[in-house]
Structures are given as C-alpha cells and as structure tokens.
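Asker: Let me begin by handing over the structure; questions about it come next.
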Amino acid sequence: MPTVLIIEDEDLDRKVLHSILLSAGYEVVGTARNGEEGIELSRTLQPDLITIDLMMPKMNGMEVLSKLMKENSETKALICTSAHSDPVVDLAMRYGAKGYIIKPFQAKSLLATVKEVIGAPDPARANVWDF
Amino acid sequence: MTQVLVVEDEAIVAESIASKLRRYGYEVIDTLPTGEEAIEMAGKTRPDVILMDIHLAGKIDGIQAADRISGQFHIPVIFLTAYADEQTIARAKEAGPFGYLVKPFRERDLYVTIEMARERSKLEAELEAANRELDSFSYSVSHDLRAPLIAIDGFSQILQETYAGYLPPDGVECLSRIRDAANQMDHLIEDFLRLSRVTRAPIIIEKLDISHIAREILGQLATSEPDRKVSWKVEDGLIINGDPGLCEIALKNLIGNAWKYTNKTDGALIQVGSIMQGQTKIFFVKDNGAGFPSDKANLIFIPLQRLHSHNEFPGNGIGLATVQRIVNRHGGRIWAEGEVGEGATFYFTFPEGSGQ
C-alpha cells in the first residue's frame, strides 16, 4: 500500500491534507511540522511519497526538496504552493519533484496528482467519499 | 430606525426610559428585568444599542450580562445606574461599555450617549473588518512575494553549483550578489509580517521577570557570536506585566540592537536596568556603541527608517517599529536618547495592569 509523509508547518493544512489522503485510502505514515523534522522522518520511514510545503519558516520547501534529492535521488516528492508561480514549479521540477499541489487543497485534483506519482490507493481502505 | 433594548428591573423606571427613547425617535424593542433574558433577546434581535441597569432581578448583574453580550454579539452596551462607586466603575470598565450614565440623568445626555455609542460601534466594526482584510492581504502578499524569491535564489544556486565553471569570476560574484539580495528581501518580508502580527495578535498578560529574559537573550547572543567581547550588567528583579511572546520579541530587538551597534566598540557594555521617575518605573536598555544623532531620536521608530548604512550595520529598520508597537499595545511608552559615538539608551514604561 502506498505510503505518504507530509511536511507542512500550518496545522490546518496538515490536517486537511492528512484527511484527504487518508480517506482516499493512502497510508499517511508520518507528518512533520518543519523541514528538519521532515528530512529526519523520511530517513526512518522511507515513504513512497513526500509532500513538502513551500512556505515554511527557517528551511523553505525548496531547500528541503533539494536536500532530500541529494540524499536519495529516487525520492518521490510533491511541492505544495499557494502561489501560481511558474518559476517555482520549474525550479521544483529541476530539483527532481514529481509535480506540485496548489493550495488551498482541492481533493479531486490533488488525488489525481498523487495517483499519477504513486498509483491508486487501496480501495478497501478508502471511505466511500465522492470528491 | 435605531433599535434599543432596555434592561431594567424596576418596571416604572423601565417604562419611563422607554417613553423618553420613543420621544427621541428610537424604537424600543423590549424592556427586560434580567440579564439572562437580555442575553437571549440580544442574540435573537440584535438591537443597535442596549441600555443596561447594573442591579438586576436575575442571577447575574448588568456587568456580567454586558460582558457576555459584547463578547458574543458585539452590540454596544451603555450602563444606566444609580451606582458610581469606584468598585462598580472598575468592574464596569472591564465589560468595555460604550457609555456610563448615572441616574438621575438628563434626557439630552441619554440621546447624546446613544448617538456616540452608535458611531463608535460602527467605527470599531469597520476597523475590525479592515484589520481582517489586512490580515488576509498580508498573508497572500507574503506568499506571493516569497515564491518568486525562492525561485530567484534557487535558480541562482543552480547556476552557482552547476555552471560556475563557465562563468568568469566576476560572473560568479554577480550570482552571489543576486542571492544575497533575494535573501535580504526574504528577511524583509518576514519582518514585515511579524510587525503586522504584533499589531493585532491578542495580548495575554502574565508577570514576567525581564532580568531573567534579558540574561537569556544576552547568553544566546554570546553563544552565537563567540568572537565578540561584550560585557553586560542586568539589574535583578525587573518585573513587568506583559505578554510573554511579545515582550520577548521587544527585548530581543532592543538587546539585539545594543549588541549590533557595539560591534565596533572596544569594551562594549550593555546595561539593562530601571530608574524611578516619581511613581513610575522606567526601564532601560543602554549601550556604549555607535549611537545616533540626538535630533534623530524620533525617527528611529519609523518603519524602514535607518540611520546607518546597511554595510556599516546590517538591518532593515523594522525592529524598533515593532518594539514601539509592542510597548504601545501594552499601554506603555518608549523613547530613545543617543549621541553619535556615545551609545544609545532606550527607555520604556509598562503600566501596572493590562494593556490593550
């Protein structure tokens, strides 16, 4: 079953993303509030996918992404950004992100992006929620 | 038509107030004898103004009722009471009333007080809406401004790390300048955000030992810059009533400044202490660093106003503006004294009670 690690500093966004992924049937194996914690958790949890918020204090999402990719170039990561900024997306892709998620989160498009990267979730685990 | 709710336990008095109000063209929604009923009616009918007696028939008095009504529904409450003793007035103040009329009062005073309360309540509502808008505005500004900055920095970094070999030394230097500038702007945005948060975050008052906080801040600075030789003297037992988070930000800024501006001073000394002026305790943070021209003392609290170049002493001119807002929100005052080359002293007061 595909596993996900969420790196997101804002409580509400973290909860929303968590519940969207969970109710779709993905297994959220960990959540981190900042980049350092996220990098630490990714080492121990080895998730299939890591979602990284762009705007975080101290270490921003791009730095987190670049560090994660340097440690393991096979890492599958998505950047979460509230601004439609093409250069940001370009940069994330250059660093090796598999795609991006626009905030505020919209379940349907978000899950489509996640599915593209790590495949469909386990249907048995999903709540029957029609997004 | 302005709708008024009258809360008064004596029926004859209530009716007399109601008839006066009608004569001035107000609509009296109801006259009620208890605070409990008043809270319920206020929630249901949302009157424009509530006239509230303090002594009421129910379990709660008018002050408690007013407290809940202004907290829940933001309806202006005017107290109408025979009591004008200090204790009652002190309690009434806490409920944030829009007026206080002592019986017997003149009709005209009632009219003027209601009109003033209406106006003030309207202005407060507008201000609150404007603040909310500003909150979401500064949030989106910060995100939308920072995203491109992250891209500028990131692409420059890629150039630096991957393509530095293709560039002459001057080109590599340009890249590092681009990155410095992007980071400088990022800090500026962050500081602006902090300033706007400081202006509106709710204040929670606690007793704070600022001698202790100041020593911790100085200790942290000494650890982060072990090469600097700075001595400090902090008076014991400096206690204020303030919001822990905000006061720490204020002290960090003041002490951080003292630390920064003594950078080029031999025998750098930072003092944190207090003096008594009459009944008022005045706190100070004093250094013997670069100082500033004494006639510019008022300018240094204006955001983005800097008296030194960025090369000489890095900074963006938001720190002291932030400190001033924090002190003002606690109901205190802050001012500065300085001389070029002879250091700066920042004085501030904190009132005994809570601030706004």
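Asker: Residues to consider are B:ALA84, B:ALA90, B:ALA65; find the one that is more than 14 Å from every other protein chain (Cβ to nearest Cβ), in a loop (DSSP other than H, G, I, E, B) and either within 30 Å of B:ASP180 (Cα to Cα) or among the hydrophobic types (A, V, I, L, M, F, W, C) (or both).
Answerer: Details: B:ALA90 fails: in a loop (DSSP other than H, G, I, E, B); B:ALA65 fails: in a loop (DSSP other than H, G, I, E, B).
When all the criteria are applied, what remains is B:ALA84.
Asker: For segment B:129-136, state whether one or more residues are hydroxyl-bearing (Ser, Thr, Tyr), surrounded by fewer than 19 Cβ atoms within 10 Å (Cβ to Cβ) and free of Cβ contacts under 8 Å to residues at least 60 places away in the same chain.
Answerer: Yes: segment B:129-136 contains one or more residues that are hydroxyl-bearing (Ser, Thr, Tyr), surrounded by fewer than 19 Cβ atoms within 10 Å (Cβ to Cβ) and free of Cβ contacts under 8 Å to residues at least 60 places away in the same chain.
Asker: Here's a check for you: in segment B:135-185, which residue that is over 19 Å from A:ILE52 (Cβ atoms) and acidic (Asp, Glu) is modelled with the lowest pLDDT?
Answerer: So, considering only residues that are over 19 Å from A:ILE52 (Cβ atoms) and acidic (Asp, Glu), the one modelled with the lowest pLDDT is B:ASP135.
Asker: Of the conditions (1) farther than 17 Å from B:LYS103 by Cβ; (2) charged (D, E, K, R); (3) more than 36 Å from the chain's Cα centre (by Cα), B:LYS44 satisfies every one except a single condition; which number is it?
Answerer: (3)
Asker: Filter segment B:244-290 down to the residues that are outside any helix (DSSP H, G or I) and among the small types (Gly, Ala, Ser), then identify the one that is nearest to B:GLU216 (Cα to Cα).
Answerer: So the residue we want is B:GLY273.
Asker: Among the candidates B:ALA117, B:ALA92, which residue alone is more than 30 Å from B:ILE189 (Cβ to Cβ), surrounded by 12 or more Cβ atoms within 10 Å (Cβ to Cβ), under 25 Å from the mean Cα position of the chain (by Cα) and not assigned by TED's automatic domain parsing to the domain that holds B:ILE17?
Answerer: On the way: B:ALA92 fails: not assigned by TED's automatic domain parsing to the domain that holds B:ILE17.
After applying the criteria, what remains is B:ALA117.
Asker: A:PRO123: surrounded by fewer than 20 Cβ atoms within 10 Å (Cβ to Cβ), within 12 Å of chain B (Cβ to nearest Cβ) and over 13 Å from the mean Cα position of the chain (by Cα), yes or no? Steps first, answer last, please.
Answerer: Details: surrounded by fewer than 20 Cβ atoms within 10 Å (Cβ to Cβ): yes; within 12 Å of chain B (Cβ to nearest Cβ): no; over 13 Å from the mean Cα position of the chain (by Cα): yes.
So A:PRO123 does not fit the description; no.
Asker: Next up: Where the second residue is modelled with pLDDT under 90 and part of a helix (DSSP H, G or I) and the first is under 13 Å from B:ILE150 (Cα atoms) and lies in segment B:177-196, which pairs have Cβ atoms under 7 Å and are six or more apart or on separate chains?
Answerer: Taking only residues 6 or more apart or on different chains, the pairs are B:ASP186/B:ARG146; B:ILE189/B:SER142; B:ILE189/B:LEU145; B:ILE189/B:ARG146.
Asker: For segment B:102-120, indicate whether the set of residues that are touching a residue at least 24 places away in the same chain (Cβ under 8 Å), small (Gly, Ala, Ser) and under 12 Å from B:VAL4 (Cβ atoms) is non-empty.
Answerer: Looking for residues that are touching a residue at least 24 places away in the same chain (Cβ under 8 Å), small (Gly, Ala, Ser) and under 12 Å from B:VAL4 (Cβ atoms), one finds at least one in segment B:102-120, hence yes.
Asker: Right, A:ALA112: of a type in the set (A, V, I, L, M, F, W, C) and surrounded by 15 or more Cβ atoms within 10 Å (Cβ to Cβ) or not? It would help to see each step written out before you state the result.
Answerer: Working: of a type in the set (A, V, I, L, M, F, W, C): yes; surrounded by 15 or more Cβ atoms within 10 Å (Cβ to Cβ): no.
No, not satisfied.
Asker: If you take the residues of segment B:137-147 that are of a type in the set (S, T, N, Q) and under 17 Å from B:VAL198 (Cβ atoms), which of them is nearest to the other protein chains (Cβ to nearest Cβ)?
Answerer: Top of the filtered list is B:SER142.
Asker: Taking the condition touching a residue at least 24 places away in the same chain (Cβ under 8 Å) and of a type outside the set (Ser, Thr, Tyr), does A:VAL28 pass?
Answerer: Yes; evaluated as a whole, the condition is true for this residue.
Asker: For segment A:35-46, which positions are under 18 Å from A:ALA92 (Cβ atoms) and more than 14 Å from every other protein chain (Cβ to nearest Cβ)?
Answerer: A:GLY38, A:ILE39, A:SER42
Asker: Taking only segment B:270-304 into account, find how many residues are surrounded by fewer than 20 Cβ atoms within 10 Å (Cβ to Cβ), of a type in the set (A, V, I, L, M) and under 19 Å from B:LEU238 (Cα atoms).
Answerer: Residues that pass the stated criteria total 3.
Asker: Applying the selection to segment B:64-86, what residues are touching a Pro at 6+ places or on another chain (Cβ under 9 Å) and buried (at least 22 other Cβ atoms within 10 Å of the Cβ)?
Answerer: Selection gives B:ALA66, B:PRO76, B:VAL77, B:PHE79.
Asker: May I ask you to say which residue of A:LEU54, A:LEU68 is buried (at least 19 other Cβ atoms within 10 Å of the Cβ), at pLDDT 95 or above and not basic (Lys, Arg)?
Answerer: A:LEU68
Asker: Still on this structure, please answer the following. Quick test for you: out of A:THR113, A:THR75, pick the one residue that is of a type in the set (S, T, N, Q), modelled with pLDDT of 95 or more and part of a loop (DSSP other than H, G, I, E, B).
Answerer: One residue alone meets the criteria, A:THR75.
Asker: Which count do you get for residues in segment A:48-83 that are of a type outside the set (Asp, Glu), on the phi < 0 side of the Ramachandran plot and more than 9 Å from every other protein chain (Cβ to nearest Cβ)?
Answerer: Total satisfying the criteria: 20.
Let's see how each residue does on (1) part of a loop (DSSP other than H, G, I, E, B); (2) without any contact (Cβ under 8 Å) to a residue 60 or more places away in the chain; (3) outside the structural domain of B:ARG91 (by TED's automatic domain parsing):
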position: B:PHE292; (1), (2), (3): yes, yes, yes
position: B:PRO303; (1), (2), (3): yes, no, yes
position: B:ARG306; (1), (2), (3): yes, yes, yes
position: B:GLY315; (1), (2), (3): yes, yes, yes
position: B:GLY331; (1), (2), (3): yes, yes, yes
position: B:GLU337; (1), (2), (3): no, yes, yes
position: B:GLY341; (1), (2), (3): yes, yes, yes
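Asker: Looking at (1) touching a strand residue (DSSP E or B) at 6+ places or on another chain (Cβ under 7 Å); (2) part of a helix (DSSP H, G or I); (3) touching a residue at least 24 places away in the same chain (Cβ under 8 Å), which one does B:VAL6 not meet, given that it meets all the others?
Answerer: Answer for B:VAL6: the failing condition is (2).
The values are calculated or read from the model by the stated rules, or taken from the named source; none is laboratory data. What you are looking at is a predicted structure, and each value in this text was computed from that prediction instead of being measured. Because the Cβ atoms are built from the backbone with ideal geometry, glycine has one as well, and the counts that use them run over all protein chains shown.
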